[in-house]
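Here the structure is laid out as structure tokens; the discussion comes afterwards.
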Amino acid sequence: MPFIVVCGVGMEQMHSAVMGNVLNPAYTPSMQYLWNHPMSLVQRAVNIYGSIHFGFVYKHWETVPVVQKEINKHFPDLPPILELEKNVSLSFINSHYSLDMTQPFLPSQIEVGAMHCRPGKPLPKDVAQWIEEAEHGVIYFSLGSVNRGEFLPANYRNIMIEAFTQMKQRVIWKFEKELEGLPDNVLIRKWLPQQDILAHPKVKVFITHGGLLSSQETIYHSKPVLAIPIFFDQPKVAAKLQRAGFGIAIKLKELTVPLVVDSLNEIINIPKYAKAVGQASLSLRDQKETPIDRAVWWTEYVIRHRGAPALRSPGADLSWIEYLCLDVLVVVHVGIFTLFWVSKKLLALACRVNKKKKTE
Ligand SMILES: *[C@@H]1O[C@H](CO)[C@@H](O)[C@H](O)[C@H]1NC(C)=O
């Protein structure tokens with residue numbers, strides 16, 4: 001059965017390599033590095049090593065063997081997953097060049113980043129009123145659905161609450177529990193329609209954990225951020241948002257009341273942050289078709305063409321030795337070495353003959 005993979009974490013080297021497109025480590029940092037372009041000599045060297053090491057550990061050590069063992073238990077007749085994955089027809093990548101970096105993609109690698117983003121819909125009445133009556137605008141605070149607000153240790157939570165008391169703006173906070181002693185300008189809800197809030201013109205800044213989808217939403221809705229990353233890819237996303245000029249990133253460990261207050265005031269009052277994210281938003285929205293239409297069209301294409309084998313890159317069939325032409329390099333090196341060796345021997349022979357003639 002033809003199948004399509006979804007690359008949820010965005011552009012990822014191993015996903016791409018399986019399809020026959022090894023992303024260039026000279027400018028594509030591996031998942032675990034926060035580096036920016038351009039990378040220094042040392043960073044590029046570490047990146048090449050890290051990319052190989054990460055891929056090896058993933059495939060042959062930590063992840064795939066564990067999953068494979070479990071699959072074998074339940075489906076003993078299935079081919080190995082590393083064999084199965086080679087037959088992938090298409091890959092949907094959760095990225096877009098205006099969010100990420102531009103990469104040379106194969107026709108079988110389709111960027112559908114921010115496909116879930118859409119214009120804002122009307123808000124629930126109480127939330128709408130709370131936002132509209134905010135004289136100085138609104139700060140929206142959500143740590144996403146994975147690291148829920150209640151995972152924020154109490155000391156950090158108290159820092160945020162203390163900082164909010166010092167702000168003129170109203171704060172709307174996605175938090176799963178009731179909290180005692182909140183200042184008047186803070187509204188808590190268990191669940192909030194994030195995109196509809198971000199779409200509201202009165203919302204001035206988004207305090208986010210730097211999740212990939214939250215970052216796409218904030219760019220789509222053109223809202224600057226205060227990013228407080230917690231784990232996984234969040235430090236990387238937060239660093240990217242800060243580098244792109246869309247806001248400020250703070251490490252959880254460095255959180256203090258004045259730092260939060262000053263950062264929020266800077267993001268709200270200095271227009272450069274809103275301007276930068278506004279430009280990215282225009283670029284992200286300016287597409288020939290929506291990412292959803294694109295995904296639907298390509299899915300139907302794969303169905304119409306029974307797995308669309310024409311899309312398959314010949315690079316996907318090569319071993320990594322062939323792909324990197326290492327075999328050619330070895331042959332060339334051996335050839336050059338042999339040539340030198342033979343020339344040297346011939347020269348030595350010629351000298352000996354010459355010497356012999358002279359002494360005679
Ligand atoms: C991959 O596709 C080819 C051609 O359709 C098929 O012969 C082969 O069995 C498939 N491999 C796996 C592991 O499914």
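The values are calculated or read from the model by the stated rules, or taken from the named source; none is laboratory data. Keep in mind the model is a prediction, meaning the values are calculated, not measured. Don't worry about glycine lacking a Cβ; one is built from the backbone with ideal geometry, like all the others, and counts go over all protein chains shown.
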Answer yes or no as to whether residue 178 is part of a loop (DSSP other than H, G, I, E, B) and not aliphatic (A, V, I, L, M). yes
How many residues, within region 317-358, are under 30 Å from residue 16 (Cβ atoms) and of a type outside the set (Phe, Trp, Tyr)? 15
Count - residues of region 85-102 that are within 13 Å of the ligand (Cβ to nearest atom) and either under 30 Å from residue 246 (Cβ atoms) or assigned to a helix (DSSP H, G or I) (or both): 3
Take residue 112 and tell me if it is surrounded by 12 or more Cβ atoms within 10 Å (Cβ to Cβ), more than 25 Å from residue 238 (Cα to Cα) and touching a Lys or Arg at 6+ places or on another chain (Cβ under 8 Å). no
When you look at residue 82, is it surrounded by fewer than 14 Cβ atoms within 10 Å (Cβ to Cβ), closer than 26 Å to residue 311 by Cα and within 16 Å of the ligand (Cβ to nearest atom), yes or no? yes
Which helices (runs of 4 or more DSSP H) sit wholly inside region 228-309 and have at least 3 residues that are within 16 Å of the ligand (Cβ to nearest atom) and modelled with pLDDT of 95 or more? none
Can you tell me which of 66, 22 is at pLDDT below 95, among the aliphatic types (A, V, I, L, M) and more than 16 Å from the ligand (Cβ to nearest atom)? 22
Please indicate, with yes or no, whether at least one residue in region 131-144 is out of contact with any helix residue (DSSP H, G or I) (no Cβ under 6 Å at 6 or more places or on another chain), among the polar types (S, T, N, Q) and in the same structural domain as residue 10 (by TED's automatic domain parsing). no
Going through 76, 65 one at a time, which residue ends up being more than 30 Å from residue 291 (Cβ to Cβ) and assigned to a loop (DSSP other than H, G, I, E, B)? 76
For the structure I just gave you, tell me whether residue 327 is within 30 Å of residue 113 (Cα to Cα) and either among the acidic types (Asp, Glu) or loosely packed, with under 11 Cβ neighbours inside 10 Å (or both). no
